[in-house]
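The structure appears right after this line, and notes come after that.
The values are calculated or read from the model by the stated rules, or taken from the named source; none is laboratory data. This one's a predicted model, so the numbers in the text were calculated from it and none came from an experiment. Neighbour counts run over all protein chains shown; Cβ positions are idealised from the backbone, glycine included.
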Protein chains: 2
Amino acid sequence: MESRIERLCVERGLKMTGQRRVVARVLSEAEDHPDVEELYRRASALDQHISIATVYRTVRLFEEHGILERRDFGGGRARYEPTEPGPHYHLIDIATGKVIEFQDPAHEQLMHAVAARLGFDLVSLRLELFGRRRDGSAPPPDRDPPPEPLSDSPEAGRDLRLRDPTKGASR
Amino acid sequence: MESRIERLCVERGLKMTGQRRVVARVLSEAEDHPDVEELYRRASALDQHISIATVYRTVRLFEEHGILERRDFGGGRARYEPTEPGPHYHLIDIATGKVIEFQDPAHEQLMHAVAARLGFDLVSLRLELFGRRRDGSAPPPDRDPPPEPLSDSPEAGRDLRLRDPTKGASR
DNA sequence: ATATTTGCAAAGCGTTTGCACGGTT
DNA sequence: AACCGTGCAAACGCTTTGCAAATAT
């Protein structure tokens, strides 16, 4: 079966190799924001004939073609998610590392206004919220229209930079 | 002469060595958001007896003591600035890499509201604007109350990740 | 048939660290 | 005097890359 992302690749004229197909499929099925190592793990499960170097090359390629978006939630590794139509942002649960997506058009307007006030046209912006689940609030609250799609992902909630005491160094 | 940051160090009981004094002074005098290499360069100009490892250790120490804040404007290297009283954000000129600081209390409220809507207490957030100077707008516009302090800094305006064609790789 | 892609292992970058030495309190 | 900070160079973690073999069009 042809995955959604594979279809995008073909549309954009990318040469489809076996490993690209696998990565495309893994990405199409991802509900979260995996890093390269995680993609490699999932891809390997489907097809042993993939090296991590190829995964790196593939995500870069896909990103350059607008198929994928690279995110940096702190932690030193890039995270990826398929490009979605509208802009959205991320709230990271610092206790679990879970990532919740949300939109906020009002915020966008505000940032355009801020940039304009400073004499700039806003080209892009980066926004991430780090929060702690309110105890007393069951998992995601279920307001009228659900607060927007959500997704989860691994990663210790780290605000600054990594500092993993289980390993030697870090960056 | 004792620099502002040196004073903070003493207040917090840090042992003041020659190299820490120099780094403290460089930071006190910085109007921008230098990375470690730049700090090292400036510190070396004042005192040869400093190694870059010490600069790394010192900024980490200062950061752990709340004297310094680490920033990540993309580009793969951490940038530093002395801790300031209120929170503020950064707009990066993608043409020049210049960094302009701004505040926006309204934005903060909004983000608290967003987090609350999702069932979270906002612990911290990361916000950076990337923009292009409006041609037709002289440098920073001079509205009633000046649009807030500004500062500049090196760095190619790169949104994604580094990709410096003058060097081999990058991350 | 030919230009691209892959795997492997090595290199690169920013950052941290082990160790012996030197300076601070 | 005891401890802590420093310099050097080596190690680290993530990512990119050179090269020869494999593959897509």
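Among the conditions (1) modelled with pLDDT of 95 or more; (2) at positive phi, the only one that B:PRO82 does not satisfy is (2). Within region A:6-33, residues that are outside the structural domain of A:GLY76 (by TED's automatic domain parsing) and in contact (Cβ under 8 Å) with a residue 12 or more places away in the chain reach no partner that is among the β-branched types (Val, Ile, Thr) and within 15 Å of DNA strand C (Cβ to nearest atom) with beta carbons closer than 6 Å at six or more positions or on different chains.
Among the residues making up region A:3-49, a single one is among the hydrophobic types (A, V, I, L, M, F, W, C), near DNA strand C (Cβ under 10 Å from one of its atoms) and over 16 Å from A:LEU61 (Cα atoms): A:ALA43.
Reported count of residues in region B:57-110, each being more than 11 Å from every other protein chain (Cβ to nearest Cβ) and within 12 Å of DNA strand D (Cβ to nearest atom), is 6. Scanning region B:27-42 for residues that are in contact with a Ser or Thr (Cβ under 9 Å, 6 or more places away or on another chain) and either within 13 Å of DNA strand D (Cβ to nearest atom) or within 14 Å of chain A (Cβ to nearest Cβ) (or both) returns B:ASP35, B:LEU39, B:TYR40.
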